[in-house]
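Please treat every number below as a calculation from the coordinates, not as lab data. Source: prediction; values computed, not measured. All Cβ positions, even for glycine, are placed from backbone atoms using ideal geometry, and neighbour counts span all protein chains on display.
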């Protein structure tokens, strides 16, 4: 046996450490890789397609539906992302169905979601907070809107309430078509009357007994 002060003891300890080193390296490398993946995980981009700076006409009770598209770092749409829409708890704003101020929607194959809501009776500006989350990726944005008691003809409010303008356009267009049809029919009738000709057949007169 070797004594406690044997010169071979340090050499054996070094040899044992060298033998165990390959067993420890994979675990450390795996841990470093895991930390790196967490730090550099990809995020989500949110693009507002509809609803930004919209003016909601309060008597309509219908808010301008916000529509958001979720994309990854490569600008590709991301499906099945939980997108949360949040309306203010008080002041100007509105509510989703069942009187809730929060609505969560899954993005479709195009990465898009929408959240229809009903406006309240309070005029003024407000913001819709939007948060998208899937696994470790996160994206946020804000959609500013406002409620108004006035329908702004030709302004933002009018553009966001096209039905208000469209029914009048359709009515005027329908009336114009009807007037045009009447004028064409009258002109055709007049033309037919004025173009009637009398054809004279040569030959002697024919006399017959009165009928």
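Express the relative contact order of the range 45-150 as a whole percentage, based on alpha carbon pairs under 8 Å and six or more residues apart in sequence.
Working: 285 pairs, mean separation 36.7, N = 106.
Across the range 45-150, relative contact order equals 35 percent.
Our estimate of slack between residue 150 and residue 100, defined as 0.36 nm per intervening residue step minus the Cα-Cα distance, is 15.4 nm.
Sorted fewest first by neighbouring Cβ atoms within 10 angstrom, 83, 67 come out as 67, 83.
Could you grab the Rg to Rh ratio for the range 45-150? Cα atoms only, Kirkwood for Rh.
Values: Rg = 13.8 Å, Rh = 13.8 Å.
Ratio of gyration radius to Kirkwood radius for the range 45-150: 1.00.
Give me the Kirkwood hydrodynamic radius of the range 42-107 in Å, from all C-alpha pairs, to one decimal place?
13.5
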